[in-house]
Amino acid sequence: MIQITLPDGSKREYPGPVTVGEVAASIGAGLAKAALAGKIDGKVVDTSFVIDRDAPLSIVTAKDADGLEVIRHSTAHLLAYAVKELFPEAQVTIGPVIENGFYYDFSYKRPFTPDDLAAIEKRMAELAAKDEPVTRRVLPRDEAVSHFKSIGEHYKAEIIASIPPGQDVSLYREGAFEDLCRGPHVPSTGKLKHFKLMKLAGAYWRGDHRNEMLQRVYGTAWASKEDLQQYLTMLEEAEKRDHRKLGRELHLFHIDEHAPGVVFWHPKGWTIWQEVEQYMRRVYRDNGYQEVKAPQLLDKTLWEKTGHWEKYREHMFTTESEKRDYALKPMNCPGHILIFKQGVKSYRDLPLRYGEFGQCHRNEPTGGLHGIMRVRGFTQDDGHIFCTEDHILPECTAYTALLQQVYKDFGFKDIIYKVATRPEKRIGSDESWNKAERALMDSLRASGCEFEIAVGDGAFYGPKIEYTLKDAIGRQWQCGTMQVDFSMPERLDAEYVGEDGARHRPAMLHRAIVGSMERFIGILLEQHAGALPAWLAPVQVAVLNITDSQAQYATEVAKMLRNQGLRVELDLRNEKITYKIREHSLQKLPYILVVGDKEKAAGAASVRARGNLDLGVMPVEAFVQRISQDIASRT
């Protein structure tokens, strides 16, 4: 007898080996119809998988995250199937699942067109409607190589030939199409109903520019029509909010070919930067941080000691002077240790908190650059806390509360917490990693935060908490971090004098709240669709006159507002007032004040709020009170 344990703890017995699909059918016809795969001992398998021993089993459906991954993986194969139907000479290469969808790379004699994309999507729908079974078979490696060579799929043959000799490989067939894959896949193509092809792109074979440029077709697939439509609507909204578009329209910044991956900030954009920086500077001051500034250029030997030269060299910009090698710092931590080491530190000095708006450089590939979200030169609101092991828990707990308040002030309420644990390539002992990971998890529990475990995603020198924001349209942005590090103080010989009079190594907590200032400002622009709250807006109010006879009064109003510390734009141009209002409205200003003869006589202004809201005529002093409340409350 085979005993199957279901997620609710109930058990079912079968007289002999049984497939996942047969178990689902024995539970109920509805579940059998919904089943996409099974999960046994944490591994997702096909519904045709034969269970020949006692085992725990959960049936995977479209409602599960694993089910959505199976759908997307299978839809990538459906894409390749359709391409081969329409373009038999095309060769298939690889087609993985990615965030929110999938892609597949093809080799073909001419570039695909948007019309081709529409035809491929139509053919995919036709093939799905045929509800052809998806079956799996296993071949020895060499036999599989011969098989794909015989049908002209040389890329597939090359992929399989790179697998160690003597191994078997699995192939999945649907109709006339067969592909190399580990699986699992949906039981039949009829399960694939809600998908859309998104765009075309180029990609070098195996990511090497010396190889052929392939054609990459991107697509998305979802469990329901509603989920697909919601995603497409989100993409439309995201396009409207694209920070690169807003940066141009609002005259905030630009990226220039003379400095790829580095930002040119315009006056309005730099105003936003300064507001964010000065806010964070107050956060430093009010929470016991001492602001420091470390050099950008540091000797290679320092990076060798920290381990960066070995683990991170390809991402560092280097230079040479007087036969010495230097690197532009990719991060701020080694500089802060060198500051800590100046003078003798006592246990009474700890915890010692350093903060820096540190400019860093990382040699990101050109293809990975994205507006101000991913750049080569950036500034971090970086901080490091030197402390004893007893301080780690309270410091991490206090930091989470601080971070939550900062994000709330910037308009973010939903935070996702993850603890990233030790990667395969790391420095430090298992004992120190155990201690560090436990401290981070305990701090989140003490903060009342539910969290996920991101296995193997820690930095090479220590585990970390990742704080991820969810924005107004549901996208996620990982910004804040808290990392516990016992290794770098050891490597750079940092120490303090303990209560026992002996020398001890401090623990080092690496932390950032907004992370990259450039990226965070990009996130803010997209979160607010460019309509930043009054406290962050580069221009908070514009003062417009109707005719020249109010020019002097408008000038006086603008001066009064500036004396109140407001950022004011005065528009005295000889243009129609409707034109001026529209132009400033497009700049997404929080307020526009219009003054005519009536307002001039009353010492007042006609006030318009963002969104074309007419607030009527009010005394200038009353307007100052209103906008001051907006700024103070950060609404």
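Being within 16 Å of ILE513 (Cβ to Cβ), in contact (Cβ under 8 Å) with a residue 24 or more places away in the chain and part of a loop (DSSP other than H, G, I, E, B) is the requirement here; does CYS449 meet it?
Criteria met by CYS449.
Could you say whether any residue in segment 357-368 is in contact with a His (Cβ under 6 Å, 6 or more places away or on another chain) and outside any helix (DSSP H, G or I)?
yes
Within segment 154-173, which residues are assigned to a loop (DSSP other than H, G, I, E, B) and closer than 30 Å to GLY368 by Cβ?
SER162, ILE163
Just need a number here: residues in segment 588-618 that are farther than 13 Å from LEU544 by Cα and part of a strand (DSSP E or B).
Total satisfying the criteria: 7.
Quick check: is even one residue across segment 111-119 outside any loop (DSSP other than H, G, I, E, B), under 29 Å from ASP66 (Cβ atoms), of a type in the set (Asp, Glu) and within 35 Å of the chain's Cα centre (by Cα)?
The answer is no; no qualifying residue exists.
So for segment 317-327 (the condition being more than 28 Å from the chain's Cα centre (by Cα), closer than 17 Å to ARG505 by Cα, at pLDDT below 95 and not acidic (Asp, Glu)), does at least one residue qualify?
No, segment 317-327 contains no residue that is more than 28 Å from the chain's Cα centre (by Cα), closer than 17 Å to ARG505 by Cα, at pLDDT below 95 and not acidic (Asp, Glu).
Within segment 426-438, does at least one residue satisfy the condition of being in contact with a helix residue (DSSP H, G or I) (Cβ under 9 Å, 6 or more places away or on another chain), of a type in the set (A, V, I, L, M, F, W, C) and over 30 Å from THR635 (Cα atoms)?
Yes, some residue in segment 426-438 is in contact with a helix residue (DSSP H, G or I) (Cβ under 9 Å, 6 or more places away or on another chain), of a type in the set (A, V, I, L, M, F, W, C) and over 30 Å from THR635 (Cα atoms).
Could you identify the single residue in ALA176, ALA129 that is closer than 18 Å to PRO88 by Cβ, more than 35 Å from the chain's Cα centre (by Cα) and surrounded by fewer than 16 Cβ atoms within 10 Å (Cβ to Cβ)?
Step by step, each of ALA176, ALA129 is checked, and only ALA176 is closer than 18 Å to PRO88 by Cβ, more than 35 Å from the chain's Cα centre (by Cα) and surrounded by fewer than 16 Cβ atoms within 10 Å (Cβ to Cβ).
For segment 97-125, how many residues meet the condition of being exposed (fewer than 13 other Cβ atoms within 10 Å of the Cβ) and over 15 Å from PHE195 (Cα atoms)?
Here the count works out to 6.
Which helices (runs of 4 or more DSSP H) sit wholly inside segment 300-340 and have at least 1 residues that are among the charged types (D, E, K, R) and surrounded by 14 or more Cβ atoms within 10 Å (Cβ to Cβ)?
In segment 300-340, 300-306, 308-312 are the helices (runs of 4 or more DSSP H) which contain 1 or more residues that are among the charged types (D, E, K, R) and surrounded by 14 or more Cβ atoms within 10 Å (Cβ to Cβ).
Taking the options VAL83, VAL44, VAL70, name whichever one is at negative phi and more than 27 Å from the chain's Cα centre (by Cα).
VAL83
Pick from LEU544, LEU524: which is in contact (Cβ under 8 Å) with a residue 60 or more places away in the chain and of a type outside the set (Lys, Arg)?
LEU524
Residue check, ILE385 against (1) at pLDDT 95 or above; (2) crowded, with 18+ Cβ neighbours inside 10 Å; (3) part of a helix (DSSP H, G or I), all met but one. Which one?
(3)
Could you tell me whether segment 271-288 includes any residue that is β-branched (Val, Ile, Thr), in contact with a strand residue (DSSP E or B) (Cβ under 6 Å, 6 or more places away or on another chain) and either closer than 19 Å to GLY480 by Cα or in contact (Cβ under 8 Å) with a residue 24 or more places away in the chain (or both)?
no
Starting from segment 76-100, keep only residues that are in contact (Cβ under 8 Å) with a residue 12 or more places away in the chain and small (Gly, Ala, Ser), then list their pairs with residues that are assigned to a strand (DSSP E or B) and surrounded by 21 or more Cβ atoms within 10 Å (Cβ to Cβ) whose Cβ atoms are within a distance under 6 Å, requiring at least 6 positions of separation or different chains.
Qualifying pairs under 6 Å: ALA76/PHE102; ALA76/TYR104; ALA80/VAL92; ALA80/TYR104; ALA90/PHE106; GLY95/TYR104.
Does GLY428 qualify as being crowded, with 17+ Cβ neighbours inside 10 Å, more than 20 Å from the chain's Cα centre (by Cα) and part of a loop (DSSP other than H, G, I, E, B)?
yes
Looking at segment 20-39, which of its residues are in contact (Cβ under 8 Å) with a residue 12 or more places away in the chain and surrounded by fewer than 17 Cβ atoms within 10 Å (Cβ to Cβ)?
Listed by number, the residues that qualify are SER26, ILE27, LEU31, ALA34.
What single numbered condition from (1) surrounded by fewer than 18 Cβ atoms within 10 Å (Cβ to Cβ); (2) over 22 Å from the mean Cα position of the chain (by Cα); (3) β-branched (Val, Ile, Thr) fails to hold for THR233?
(2)
This table checks each residue for (1) within 20 Å of GLY190 (Cα to Cα); (2) of a type outside the set (A, V, I, L, M); (3) out of contact with any Gly (no Cβ under 9 Å at 6 or more places or on another chain).
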| residue | (1), (2), (3) |
| --- | --- |
| ILE4 | no, no, yes |
| TYR14 | no, yes, yes |
| LYS39 | no, yes, yes |
| SER48 | yes, yes, no |
| GLY67 | yes, yes, yes |
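The values are calculated or read from the model by the stated rules, or taken from the named source; none is laboratory data. Note that the structure is predicted; figures quoted are calculated from it, not measured. Neighbour counts are summed over all protein chains in view; Cβ atoms, including those assigned to glycine, are modelled from backbone coordinates with ideal geometry.
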